Amino acid sequence: MKAYYDLHIHSCLSPCADNDMTPNNIANMAVLAGLDIIALTDHNSCKNCPALNDAAIRAGIAFVPGMELCTAEECHVICLFSTLKAAMEFDEFVERSLPPIQNHVEIFGEQLIMNNMDYVTASYPYMLASATSISIDNVAALVRQYGGVAIPAHIDRPSFSVTANLGTVPDFGFCVFESVSRNVDELVSKYPILEKHPLLFNSDAHMLSQIQDKGPWIEVEKCDAESFIAALELT
Ligand SMILES: [Zn+2]
Ligand SMILES: [Zn+2]
């Protein structure tokens with residue numbers, strides 16, 4: 001079946017995202033947009049995934065727990081998992097790799113953790129947008145250990161991307177990449193490695209209106225996280 005997706009969405013836990021990116025608002029907006037499956041990918045944290053998992057079930061949309069990891073080289077990598085349990089275990093690992101720099105709410109914004117009724121249960125104290133100590137060349141294998149898939153994010157953006165910070169699209173075991181320009185021909189001619197690997201097109205939404213409408217899709221056996229990860233791994 002065709003599954004219409006948006007696999008790069010930030011919640012109110014990301015300092016740069018709107019506070020109305022609550023679990024239930026995201027799930028309901030994605031349903032209105034006509035999507036079949038969404039992922040939550042906050043910077044260096046999965047802590048709003050349990051709430052969005054519940055909200056997605058209530059809204060009737062499939063959910064992939066995830067995170068946008070910032071590597072030691074300041075490359076952003078979307079990490080997606082087939083189960084909430086695996087995502088939360090990865091979250092624990094990443095938390096230990098994050099420098100304990102206090103978040104200054106007035107400068108960087110709030111980092112809100114919510115329950116499945118959109119009530120704030122905590123404010124994450126350390127800056128989530130910092131680079132972790134995890135190196136880009138280890139990410140694909142590391143995420144695979146947790147049964148997930150790692151996707152270099154917005155590879156054609158001039159900041160926090162592999163092309164900006166490494167000068168190329170590296171062959172570090174990644175099987176799929178994310179593009180913002182969606183200019184596949186130009187990217188393949190510039191980076192031949194992309195000939196063998198598909199590109200995903202997501203919104204990187206930081207506000208509700210940015211969640212993408214029904215458009216990009218992927219062929220899956222079943223519309224759930226496990227089938228989606230399996231489909232991406234086969235690419
Ligand atoms: Zn990013
Ligand atoms: Zn992002």
Just to verify a result, which residue in the stretch 46-78, among those that are touching an Asp or Glu at 6+ places or on another chain (Cβ under 9 Å) and within 12 Å of ligand 2 (Cβ to nearest atom), is farthest from HIS154 (Cα to Cα)? GLY66
Return a yes/no flag: does the stretch 64-81 have any residue that is within 16 Å of ligand 1 (Cβ to nearest atom) and at positive phi. yes
Taking LEU40 as the residue in question, decide whether it is touching a residue at least 40 places away in the same chain (Cβ under 8 Å) and crowded, with 19+ Cβ neighbours inside 10 Å. no
Across the stretch 135-169, what is the number of residues that are farther than 16 Å from CYS46 by Cα and part of a loop (DSSP other than H, G, I, E, B)? 13
Matching residues in the stretch 95-107 - criterion: being within 20 Å of the chain's Cα centre (by Cα) and either in a strand (DSSP E or B) or not small (Gly, Ala, Ser) (or both): GLU95, ARG96, LEU98
Quick one: in the stretch 171-196, which of the residues that are part of a loop (DSSP other than H, G, I, E, B) and small (Gly, Ala, Ser) is farthest from ALA30 (Cα to Cα)? GLY173
Would you check which residues across the stretch 124-163 are within 14 Å of ligand 2 (Cβ to nearest atom) and free of Cβ contacts under 8 Å to residues at least 24 places away in the same chain and list them? ARG157, SER159
GLY34 versus (1) on the phi < 0 side of the Ramachandran plot; (2) in contact (Cβ under 8 Å) with a residue 60 or more places away in the chain; (3) surrounded by fewer than 24 Cβ atoms within 10 Å (Cβ to Cβ): which is the lone unmet condition? (1)
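Kindly indicate the residue of the stretch 108-123 that is within 16 Å of ligand 2 (Cβ to nearest atom) and assigned to a loop (DSSP other than H, G, I, E, B) and also farthest from the chain's Cα centre (by Cα) among those meeting that condition.
Step one: filter the stretch 108-123 for residues within 16 Å of ligand 2 (Cβ to nearest atom), giving 108-109, 111.
When the remaining residues are screened for being assigned to a loop (DSSP other than H, G, I, E, B), the result is 109, 111.
On the way: GLY109: 19, GLN111: 16 Å.
Per the stated criteria, the residue is GLY109.
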What tally of residues in the stretch 170-192 results from selecting those that are over 14 Å from the mean Cα position of the chain (by Cα) and within 18 Å of THR41 (Cα to Cα)? 1
For the stretch 197-214, state whether one or more residues are surrounded by 20 or more Cβ atoms within 10 Å (Cβ to Cβ), aliphatic (A, V, I, L, M) and assigned to a helix (DSSP H, G or I). no
Got at least one residue in the stretch 36-58 being at pLDDT 95 or above, within 15 Å of the chain's Cα centre (by Cα) and over 21 Å from LEU112 (Cβ atoms)? yes
What do you reckon, is ALA87 within 25 Å of PHE174 (Cβ to Cβ), in a helix (DSSP H, G or I) and in contact with a strand residue (DSSP E or B) (Cβ under 6 Å, 6 or more places away or on another chain)? yes
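Any chance you could count how many residues in the stretch 2-46 are among the charged types (D, E, K, R) and within 18 Å of VAL77 (Cβ to Cβ)? Spell out the reasoning first.
Going through the stretch 2-46, the residues among the charged types (D, E, K, R) turn out to be 2, 6, 18, 20, 36, 42.
Right, trim to within 18 Å of VAL77 (Cβ to Cβ) and you get 6, 42.
Going through the stretch 2-46 one residue at a time, the tally reaches 2.
The values are calculated or read from the model by the stated rules, or taken from the named source; none is laboratory data. As the structure is a prediction and not an experimental result, all values here were calculated from the model. Here the Cβ is made from the backbone with ideal geometry for all residues, glycine too, and neighbour counts use every protein chain on show.
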